[in-house]
1. Just to be sure I understand the model, the point goes 7 Å from the Cα along the line to the Cβ. What's the resulting ARG82 to ALA243 distance in nm?
2. Please list, in order along the range 222-227, the HN-Hα scalar couplings obtained from phi with the Karplus expression 6.51 cos²θ - 1.76 cosθ + 1.60 (θ = phi - 60°), rounded to whole Hz, x for Gly and Pro.
3. Quick check on packing: order 131-139, 174-182 by the mean number of other C-beta atoms within 10 Å, highest mean leading.
4. In nm, to one decimal, how far is the modelled label at LEU90 from the one at ASN148, with both set 7 Å along Cα→Cβ?
5. Return the tail of the calculated pair distribution for the chain, meaning the percent of Cα-Cα pairs more than 32 Å apart.
6. Quick one: Cα centre-to-centre distance for the range 44-89 and the range 193-211, in angstrom?
7. Placing unit charges on C-beta atoms (Lys and Arg positive, Asp and Glu negative, everything else neutral), compute the dipole magnitude of the chain about its Cα centre in debye, rounded to 20.
8. What does the extension gain come out to for LEU45 and ILE187, with contour length at 0.36 nm per residue minus their alpha carbon separation?
Amino acid sequence: MSSSTVEASAVRVRGRRRDRSSHRVVHVVLAVGALLMIAPFLLELLISVETFAEATSVPLTLFPEVWQWSNYMDVFSAMPFRQMLVNTVLMTVARTIGQLVFCSLAGYAFARLRFRGQGLVFGLFLSVLMVPSQLFLIPQYEIIHSLNLLNSLPGLFLPGIFSAFGTFLMRQFFMQLPREIQEAAYIDGAGPFQTFWRVLLPLARPGLIALAIMVIMWSWNDLLWPLVVNTDPESMPVSAGLASLQGQFLTNYPVLMAGSVMASLPLIIIFIAFQRHFIEGIAFSATKG
């Protein structure tokens, strides 16, 4: 065996060792990051089965002596949890359907249609993303108040049925689809809306799923807007109901954590079930500007 062959083999061996070492470092970093992300939820689970004395002790008791599963039943007596859960589901479904419809239509228009002032209008859409959402609270409240929709389900979901980010996401996704598909549909006699509904929208399924998951997570955890437009506990979603459990001088943290765990479970299940589609949709829509 020549010396050059031996040197090449040694270089390959060293390269493989460096790759394995770098992979180990990456795995360690990811494991630490995952632990940091999941630690608050694990702490929430432990506090939800503690007594009030254990949850407020200094230092904090991590593992209860007797697991208090009754805290989960106390949630239903502390607030109308079932009705709040129904309100949350209805609000989330309405917002999700609205964003899927309106944002996909607007995204298709910006990506595939040509009209006067298109760049200016799209720039105005993007400018909304640069403004803190809290600045829109007063105008939105005034509109909902003028429509007599305070303490009502429409008052909860109407401001959330459309978003600039959802429009931007769907526009990016539609731009990734080959233009030849649209031209072939036009040749077959399809109009702009038929092309959107029958041809392009089915191909945009990963983007729709990604948008739906983001809207579901945002709507389910929305707290500020429900507190602004609702004062009736029967009309509140779970997020606002849990906030009402925090007293001015005393808070029953085990019951609060138990309610938070029950409120978080649907989101966790949805994300685990659709995480592959969510990642595919985000990655695909981000590959073209």
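Laboratory data are not the source of any read-out in this text; all were calculated from the coordinates shown. Source: prediction; values computed, not measured. Don't worry about glycine lacking a Cβ; one is built from the backbone with ideal geometry, like all the others, and counts go over all protein chains shown.
1. Reported label-point gap for ARG82 and ALA243 is 2.6 nm.
2. Coupling constants for the range 222-227: 5, 10, 5, 4, x, 5 Hz.
3. 174-182, 131-139
4. Label at LEU90, label at ASN148, 1.8 nm between them.
5. 47
6. 43
7. Using Cβ point charges on Lys, Arg, Asp and Glu, the chain gives about 1580 debye.
8. Computed gain between LEU45 and ILE187 is 45.2 nm.
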